[in-house]
Amino acid sequence: VKWFQRRNGLTVDGRVGPATAAALGLSLNGGSVSAAAATESEAYLLARLVHGEARGESYTGKVAVAAVVLNRVKSSSFPNSISGVIYQKGQFSTSSLKAPNAAAEAAVTSVFINGNTVLPSDVLFFRNSGSWDHELYAKIGGNYFYY
């Protein structure tokens, strides 16, 4: 928590108070995160990531980026929450988190709320270059998606 607070210009106290929770995309309810708030805030956090990582991509490309995050949540190899996946060390940069536009929010709604996806559940990675040591599933727009 302290690392996250330092990295994001917050007061470094090691506690997840209102400012830290907001930066994480969470909403505090009486000092604890309610299930509804966690769902809404996790969806918003995912939309922020989708906008940052898939800005300029087609709707399908945005849906695919959101699907990778949710595939990771379901995988035993990654944290079991959207925020855990997004903030996992070495996976995504906090500079990728941008205020989402309507297209990013629509893509997240399609995947997160309605369960729609364009990827199989074992596609866990994407990059914007094609050369990598994982098996390529597909290229969608400017991103390559891997098993």
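Things worth noting here:
- Cβ-Cβ contacts under 6 Å between residues 6 or more apart (or on different chains), taken from a first residue in the stretch 67-82 that is part of a helix (DSSP H, G or I) to a second residue that is open to solvent by 30 Å² or more (accessible area, probe 1.4 Å) and among the hydroxyl-bearing types (Ser, Thr, Tyr), are listed as 67/117; 71/121.
- Restricting attention to the stretch 129-147, the residues being surrounded by fewer than 13 Cβ atoms within 10 Å (Cβ to Cβ) and among the hydrophobic types (A, V, I, L, M, F, W, C) number 1.
- Screening residue 36 against (1) modelled with pLDDT of 80 or more; (2) open to solvent by 60 Å² or more (accessible area, probe 1.4 Å); (3) assigned to a helix (DSSP H, G or I) leaves a single unmet condition, (1).
- Number of positions in the stretch 1-22 that are small (Gly, Ala, Ser), under 16 Å from residue 84 (Cα atoms) and open to solvent by 30 Å² or more (accessible area, probe 1.4 Å): 1
- The residues of the stretch 129-147 that are assigned to a loop (DSSP other than H, G, I, E, B) and without any contact (Cβ under 8 Å) to a residue 12 or more places away in the chain, listed by number, are 131, 133.
- Selection of the stretch 105-128 for residues being open to solvent by 40 Å² or more (accessible area, probe 1.4 Å), part of a loop (DSSP other than H, G, I, E, B) and within 21 Å of residue 93 (Cβ to Cβ) yields only 128.
- Scope the stretch 89-147; condition under 15 Å from the mean Cα position of the chain (by Cα) and at positive phi; matching residues: 90
- Some residue of the stretch 92-106 being farther than 20 Å from residue 21 by Cα and basic (Lys, Arg): no
- Top-ranked residue of the stretch 42-61 - restricted to ones that are more than 11 Å from the chain's Cα centre (by Cα) and without any contact (Cβ under 8 Å) to a residue 60 or more places away in the chain, ranked as most open to solvent (accessible area, probe 1.4 Å): 55
The values are calculated or read from the model by the stated rules, or taken from the named source; none is laboratory data. Since we're looking at a predicted model, the values are computed, not measured. Methodologically, a virtual Cβ is constructed for each residue, glycine included, from the backbone with ideal geometry; neighbour enumeration extends over all protein chains shown. Heavy atoms of the whole protein, side chains included, go into the accessibility calculation; ligands, DNA and RNA do not. Shrake-Rupley method; radii C 1.70, N 1.55, O 1.52, S 1.80 Å.
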